[in-house]
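Scroll down for the structure; my scribbles are underneath it.
The values are calculated or read from the model by the stated rules, or taken from the named source; none is laboratory data. These figures come from a predicted structure and were not determined experimentally. No Cβ is skipped: glycine too gets one built from the backbone with ideal geometry, and neighbour counts run over all protein chains shown. These accessible areas exclude ligands, DNA and RNA; they are computed on the full protein's heavy atoms, side chains included. Shrake-Rupley method; radii C 1.70, N 1.55, O 1.52, S 1.80 Å.
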Amino acid sequence: MAMDKLYEFLTGPALWIAVIIFVGGLAIRVAWLFGLSQERDKPWHDFKSAVWAWRSIIHWVLPWASVSSRNQPGFTGAVWVFHICWIGVPLFLGAHNMLFEQAWGWSLPSLPDAVADWASMVVIACGVFFLVRRLARPEVRILTSAWDYTLVLLALAPFVTGWLAFNQYGPYGLMLNLHIFLSEVLLIVLPFSKLAHMVLFFASRSAIGYEFGTRRGARVW
Amino acid sequence: MTAEAQKAAEEAQEKATVSPEAEAPKPVNVGKIKTILAANEGARMRMWLSICSRCGLCADSCFFYLANDKDPKLSPAYKAINTIGKMYKAKGEVSREFLEECKEVVWGQCTACRRCSMYCPFGIDIATMIATGRAVCYSQGIVPDGLARTTENIRTTGNQMAMATEDWIETCDWMAEEYGEEVHGLEIPIDKQGADYMYTVNPREPMYYPQDVGMAAEIFHIAGLNWTMPSTGWDSTNLAMFAGDRAVATIPVKAMYDKALELGVKAIVITECGHAFRSAKFEGPYWVGIPGGEPPVPVIHSVELFRDIMREGKIKLKHKFEHKVTYQDPCNVSRNGGLWDIGRELVNLLCDDFVDMTPNREHNHCCGGGGGFIPMGPPYKRRRMASGKIKAEQIRATGATHVIVPCHNCFDQINDLNKEYDLKVKVVSFKEIITEIMEIPESMIPPEEDEQEAVLAEEEAKREVEEGAMEEAGEVQES
Ligand code: HEM
Ligand code: HEM
Ligand code: SF4
Ligand code: SF4
Ligand code: SF4
């Protein structure tokens, strides 16, 4: 059957390629930026401070820990929940862990399926909220390009398709393949898009932490 | 210029001459733009350009946005993306018309106050990006006239107002004489080897407000400091920094560092000026190329020195300042200087009735006069007044009658806002307050028999100074 062949391909070579590009892409990008910074970002290196990096990061990882995030509490709360669920669900999903088990013989603890299912809906709801907000607020709309909308949709795609597959809505085989395919597309695009912020966030926050904190004692949150 | 850049430049020139719309007077030197973009394309710039999530959180942090009915085109991200962002995207292949548009944004809609960096989830430093945009525009001769003029002054004379060394020294001597009649034994030592402090000023002090030089001398003399004025490197301001000319921005900083090293002073003291402090302490070391990014001699702001003097009781007060005061946190003294607490400590040492603005400290709003805005002069004044609305409202809400302002740019801006928004406040510097309420120690009171004369002389001095300032006031105000 075509779907099974496709499934085999998607969970075989395609998955390898996607994971390698995802991990390798991020690693190379970070290493390359680090090399560049040695020469061109002297202030970043001259004023390194673990304390200021940590303070700068933690105040933006925790919800409402910065003045700015408290200015838009609803949005930043949604961003926080979105991220927790987005990272948590795929890692601790029963179905994924079964695949981990099959592939490597080990797995992470699994969330109850009902919880994961709800968390997926939360991610989708937050994503829809982000899209609506982007359209509704003039200062955000003017900044948003077609690519920015696409990236939000792409970030949601695995959740929509995974949820549909899990709940057996629509043709299961197709949904599952679509789920895996779109997840792989996301993994491939991520390191080269603004979503690379999943690692660069820590770098850019440390840089501003040193610039304001180490050099001036100013709190950037 | 690299060979590659040279080639690109020639190509661009060629293109411009053969193109039908060659009526444009000057083609764009793309090679030069590419060189500037490349030099600034570090890891941070690349990250900032690529990870901005377009969330719009920075908008509410910028006073330009807030003061102009939340025009979305005034949000920090929009301004950066549509100037420097586009320059990088086009790899420097941009037109003169585009750069002319950018000019209105990078100078006319951002004071480089850096407040937005504190409000961005990724800590994107919009002001630094805008500064690169300025450098690109400047490289093509696209820059507000006021800044072009002052930058040229620095290049040719080492100070922004093209004041001759003799005139500077003469002003110091004149002030020593005038204020010596008020404080016995007062001197203004020039180039004193081994002094503890080397005091540097904003050229508008000797040019238009010489009493600022006199008041500083009074304070240092009474406090018993071992200090000196330098004959060169005395201008610590740096408008070339705001014009985007790094080469010229290096000139006054280097002159100042060299002089301080030559005299063997313990610290360089910056007058009550915000951007001078930023230039001397934070940016200067990188322009001059000092490894580690620290100036060769510690740089301190007047606010720090005055605080030490008052805290250590080196100057006694007749009484505390009686009026209700508020304090303007100049961005380049507070957020970009780290001195918000020291400023407040000094205010409290001098005044009993202090109300803070909201927001304050490192979160304070820029007054709207920074980033070169004041010297950009009349063409930009309307915009400056409009965007200063936020500051005006902040001041009005305190109910204070006096605003203490340790920065020359803020000083002019808040004075203008005072008129524009009818705030009914008086704008004062720390020097003015200290000299008004300090006690002159007995040993420094001019001798008895001369008393009558001294009083007369003092009045005479004040009058002369005021008249001097009035005469000059007709001219362009540069700071
Ligand atoms: C790339 C390889 C991936 C494979 C092979 C895979 C496989 C699966 C499978 C087999 C299911 C279960 C469907 C069912 O219950 O029948 C599932 C569900 C799900 N997956 Fe994935 N997945 C992948 C990537 C991802 C990624 C990258 C994410 C999210 C970032 C993700 C999020 C989800 C979600 C949210 C569900 C449904 C949870 C629910 O509603 O209960 N998956 N996935
Ligand atoms: C540890 C990792 C991560 C951190 C610390 C992080 C942090 C952030 C921050 C600070 C923001 C800006 C919040 C805002 O707009 O107010 C953001 C936005 C966003 N992040 Fe992440 N992120 C991480 C990982 C991810 C991952 C893995 C994705 C998945 C694709 C992701 C997708 C998004 C999206 C789509 C937005 C924009 C929401 C919008 O449209 O406004 N993030 N993230
Ligand atoms: S640096 Fe200041 S003026 Fe410039 S965009 Fe940011 S907040 Fe606005
Ligand atoms: S707050 Fe930062 S990430 Fe968000 S739009 Fe502004 S610059 Fe971009
Ligand atoms: S003029 Fe004053 S408030 Fe404004 S940028 Fe300079 S220091 Fe900041």
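By per-residue mean of other Cβ atoms within 10 Å, what is the highest-first order of B:408-421, B:390-403, A:93-106, B:162-175?
Numbers: B:408-421: 22.6, B:390-403: 19.2, A:93-106: 13.4, B:162-175: 16.8.
My ranking of the peptides, most packed first, is B:408-421, B:390-403, B:162-175, A:93-106.
Given the options B:Pro441, A:Leu200, A:Leu15, identify the residue whose Cα lies farthest towards the positive end of the charge dipole of the protein assembly as shown (+1 on Cβ of Lys, Arg; -1 on Cβ of Asp, Glu).
The Cα lying farthest towards the positive end belongs to A:Leu15.
Of A:Gly209, A:Gly170, A:Cys85, which is farthest along the charge dipole of chain A in the positive direction, counting Lys and Arg as +1 and Asp and Glu as -1 at C-beta?
Of the listed residues, the answer is A:Gly209.
Could you tally the net charge around B:Asp191, taking each other residue with its Cβ under 11 Å from the Cβ of B:Asp191, Lys/Arg +1 and Asp/Glu -1?
Values: positive: B:Lys192, B:Lys259; negative: B:Glu262.
So the environment of B:Asp191 carries a net charge of +1.
Can you tell me which of A:180-190, B:308-318 comes out highest on packing, and rank the rest after it, using the mean Cβ neighbours within 10 Å? It would help to have the intermediate numbers written out before the result.
Working: A:180-190: 19.4, B:308-318: 14.7.
By packing density, highest mean first, the sequence is A:180-190, B:308-318.
From other protein chains only, count the Cβ atoms within 10 Å of every residue's Cβ in A:201-213, then give the mean.
On the way: counts 6, 1, 6, 12, 4, 1, 9, 10, 1, 0, 8, 9, 1.
Partner-chain Cβ atoms within 10 Å, mean over residues of A:201-213: 5.
For the range A:2-216, with every protein chain kept in place, what is the accessible area per residue (1.4 Å probe, Å²)?
Averaged over the residues of the range A:2-216, the accessible area is 51 Å².
What is the spread of the Cα atoms of the range B:325-437 along each of their three principal axes, largest first, in whole Å?
40, 29, 26
What does the buried accessible surface come to for B and A, summed over both chains, with the probe at 1.4 Å? Round to 100 Å². Could you put the intermediate results ahead of the total?
Numbers: alone 20350 and 13290 Å², together 29600 Å².
So the total buried area for this chain pair works out to about 4000 Å².
Amide H of B:Lys426: which non-local residues (sequence gap of 5 or more, or other chain) have their own amide H closer than 5 Å, using H built in the peptide plane?
Here B:His402, B:Val403 satisfy the definition.
Under a point-charge model restricted to the Cβ atoms of Lys and Arg (+1) and Asp and Glu (-1), what is the dipole moment magnitude of the range B:290-429 relative to its Cα centre, in debye to the nearest 20? Can you show the working numbers first?
Values: 20 positive and 17 negative charges, 96 e Å.
So the magnitude is around 460 debye.
Leaving ligands, DNA and RNA out of it, rank A:Tyr172, B:Tyr209 by accessible area with a 1.4 Å probe, largest first. Display every interim value, and only then the final one.
Working: A:Tyr172 100, B:Tyr209 60 Å².
I get A:Tyr172, B:Tyr209, largest accessible area first.
Provide the solvent-accessible area of B:Arg463, counting protein heavy atoms only and rolling a 1.4 Å probe, rounded to the nearest 10 Å².
The accessible area comes out at roughly 120 Å².
Show the residues, 5+ positions off or on another chain, whose built amide H is closer than 5 Å to the amide H of B:Met438.
The list, which skips near neighbours in sequence, is B:Lys318.
Dipole of chain B, Cα-centred, from +1 at each Lys and Arg C-beta and -1 at each Asp and Glu C-beta, to the nearest 20 debye?
Numbers: 52 positive and 74 negative charges, 762 e Å.
In total the dipole reaches around 3660 debye.
Could you list which residues have their amide H under 5 Å from that of B:Ile190, counting only those 5 or more apart in sequence or on another chain, with H placed in the peptide plane?
Here the answer is B:Met229, since their amide H atoms fall under 5 Å of that of B:Ile190.
To the nearest 10 square angstrom, what accessible area does A:Arg70 show with a 1.4 Å probe?
130
Among residues other than B:Asn364 whose Cβ falls under 12 Å from its Cβ, what is the net charge (Lys/Arg +1, Asp/Glu -1)? The partial results should precede the final answer.
Details: positive: B:Arg114, B:Arg115, B:Arg335, B:Arg344, B:Arg361, B:Lys391; negative: B:Asp329, B:Asp356, B:Glu362.
Counting the neighbours of B:Asn364, the net charge comes to +3.
Which value, in debye to the nearest 20, gives the size of the charge dipole of the protein assembly as shown about its Cα centre, when Lys and Arg are +1 and Asp and Glu are -1 at the Cβ? Can you show the working numbers first?
Working: 68 positive and 86 negative charges, 928 e Å.
Here the size comes out at about 4460 debye.
So what's the angle, to the nearest 10 degrees on a 0 to 90 scale, between helix B:340-350 and the longest Cα principal axis of chain B?
Result, in degrees: 20.
Rank A:Ile28, B:Ala164, B:Asn82 by how far each Cα sits towards the positive end of the charge dipole of the protein assembly as shown (+1 on Lys, Arg Cβ; -1 on Asp, Glu Cβ) and give me just the farthest.
Farthest towards the positive pole: A:Ile28.
Determine the per residue accessible area of the range B:25-142 with all protein chains present and a 1.4 angstrom probe, expressed in square angstrom. Write out the running numbers ahead of the final one.
On the way: 3660 Å² over 118 residues.
Per-residue accessible area for the range B:25-142 comes out at 31 Å².
Report, to the nearest 10°, how far helix A:172-189 tilts away from the longest principal axis of the Cα atoms in chain A, using its own Cα long axis and a range of 0 to 90°.
30
How would you rank B:210-217, B:50-57, highest first, on the average number of other Cβ atoms within 10 Å across their residues? All intermediate terms of the calculation are to be shown ahead of the outcome.
Working: B:210-217: 24.4, B:50-57: 22.0.
Per-residue mean Cβ counts within 10 Å order the peptides as B:210-217, B:50-57.
If you take each beta carbon of peptide A:42-54 and count the beta carbons of other chains within 10 angstrom, what is the mean?
On the way: counts 7, 8, 3, 2, 7, 3, 0, 0, 0, 0, 0, 0, 0.
Across A:42-54, the average partner-chain Cβ count within 10 Å equals 2.
Gap in Å between the Cα centre of the range A:29-69 and the Cα centre of the range B:412-448?
The range B:412-448 and the range A:29-69 have Cα centres spaced 42 Å from each other.
Shielding by partners for A:146-153, please: the mean number of other protein chain Cβ atoms within 10 Å of each residue's Cβ.
Rounded to a whole number, the mean comes out at 1.
Would you compute, from DSSP H runs of 4+ residues alone, the mean residue ellipticity of chain B at 222 nm, taking -39500 (n - 2.57) per run and dividing by the full residue count, rounded to the nearest 500?
Working: 23 runs with 236 residues, N = 479.
Value at 222 nm, helices only: -14500 deg cm²/dmol.
Cross-link list B:Lys192/B:Lys266; B:Lys316/B:Lys426; B:Lys266/B:Lys431: which exceed 20 angstrom alpha carbon to alpha carbon?
Details: B:Lys192/B:Lys266 12 Å; B:Lys316/B:Lys426 24 Å; B:Lys266/B:Lys431 22 Å.
Going by Cα-Cα distance, B:Lys316/B:Lys426; B:Lys266/B:Lys431 fall outside the 20 Å limit.
How large, in percent, is the carbon and sulfur part of the accessible surface of the range B:106-171 at a probe radius of 1.4 Å?
On the way: 870 of 1790 Å².
Carbon-and-sulfur percentage of accessible area, whole number: 49.
For the range B:156-311, what does the alpha-carbon gyration tensor say about shape, rounded, prolate or oblate, given a ≥ b ≥ c as the root eigenvalues, a/c under 1.5 as rounded, and a/b over b/c as prolate? Walk me through the numbers on the way to the answer.
Working: a/c = 1.87, a/b = 1.43, b/c = 1.31.
Prolate is the answer for the range B:156-311, as a/c is 1.5 or above and a/b outweighs b/c.
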